Amino acid sequence: MINIFDFQKKKASGEKITMVTCYDYTSAALVDKTGIDCILVGDSLAMTMHGFDTTVNATPDMMALHTAAVSRGARDKFIVGDLPFMSYRRSLSDNMDAVYKIMQAGAHSVKLEGAAGNAGFIQHLVESGVPVMGHIGLTPQFVHQLGGYHVQGKTDESAKRLMEEARALQRAGCFALVLECVPTPLAAEITRELKIATIGIGAGPDTDGQVLVFQDLLGLNTDFRPKFVKNFLNGAELVTGALEEYNQAVKKRTFPDAEHSFGAKKLAKSA
Ligand code: KIV
């Protein structure tokens, strides 16, 4: 399993870092069999696992439940647990309770969105032994503030602001930074500027690593296909195909056959 220092080592050596989201035991056990470096139990689970429209509905309890399942499935992966909407913008005591739940569930670090107003809390977490991953650019928890899901940092002013946020998060003690939906040249510039590793999603090829949502990577979500998503499997077609095959087999009485049945003797008729 990699640790936080390996993120910087990989950045220095030019070896790309791979991260995938994961929310349940079975998927985590599959990821554990691969060379993928780390798992993000993302608050995107509010959408992918619970069917909400945005990540705003994720809660610390939801995050802890899914993190615990993932940590039982992926025993050999570095796990980042997302701090959900507002869970790090309350009192210090409430913020720490949210972090505590997620770390106790098996995360090795937490991720939070945005820079403004978060530096003090990040520093407190780092000094408490909790590694923190930052996340800037398109921060889905801010969807209503951003007016939708749009590429960020397209103007000089917003690009400058993102660069300042990236520096501020590094100064606060983050060990890595997710850059979501920012133009390739800006992501490359931030990556060159920072000592900590950048992990991109919709940020082009020049970040130190990449992250994708499990369902998007496997083509399981046919309703959502932004430009930056590549389906590495035609999962929806394969899975629905198998489900339909099962449906037909049962209805046509070809399943279960003798091979999949126990050869018990018929019960003797009672007198
Ligand atoms: O929750 C999530 O899946 C994320 C990734 C998109 C980085 O934060």
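The values are calculated or read from the model by the stated rules, or taken from the named source; none is laboratory data. All values reported here derive from a predicted model rather than from experimental measurement. No Cβ is skipped: glycine too gets one built from the backbone with ideal geometry, and neighbour counts run over all protein chains shown.
Structure above, values below:
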item	result
T254 outside the structural domain of I136 (by TED's automatic domain parsing), free of Cβ contacts under 8 Å to residues at least 12 places away in the same chain, farther than 22 Å from S27 by Cβ and not in a strand (DSSP E or B)	yes
Neighbours by Cβ (under 6 Å, 6+ apart or cross-chain): first from region 106-134, not assigned by TED's automatic domain parsing to the domain that holds V41; second at pLDDT 95 or above	none
Residue check, V211 β-branched (V, I, T), closer than 22 Å to P60 by Cβ and touching a residue at least 60 places away in the same chain (Cβ under 8 Å)	yes
Residue in region 130-144 that is of a type outside the set (K, R) and farther than 24 Å from V80 by Cα present	yes
Members of region 191-249 that are among the acidic types (D, E), crowded, with 18+ Cβ neighbours inside 10 Å and assigned to a helix (DSSP H, G or I)	D216
Complete set of residues in region 41-62 that are within 14 Å of the chain's Cα centre (by Cα) and in a loop (DSSP other than H, G, I, E, B)	G42, D43, S44, M49, A58
Some residue of region 183-190 being in the same structural domain as I39 (by TED's automatic domain parsing), in a loop (DSSP other than H, G, I, E, B) and within 15 Å of the ligand (Cβ to nearest atom)	no
Of the criteria (1) outside any loop (DSSP other than H, G, I, E, B); (2) within 12 Å of the ligand (Cβ to nearest atom), which one D94 fails	(2)
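Residue-wise test of (1) buried (at least 17 other Cβ atoms within 10 Å of the Cβ); (2) more than 12 Å from the ligand (Cβ to nearest atom); (3) assigned by TED's automatic domain parsing to the domain that holds I102; (4) not in a loop (DSSP other than H, G, I, E, B).
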{"site": "A29", "(1), (2), (3), (4)": "no, yes, yes, yes"}
{"site": "I39", "(1), (2), (3), (4)": "yes, no, yes, yes"}
{"site": "A64", "(1), (2), (3), (4)": "yes, yes, yes, yes"}
{"site": "S71", "(1), (2), (3), (4)": "yes, yes, yes, yes"}
{"site": "F85", "(1), (2), (3), (4)": "yes, no, yes, no"}
{"site": "Y88", "(1), (2), (3), (4)": "yes, yes, yes, no"}
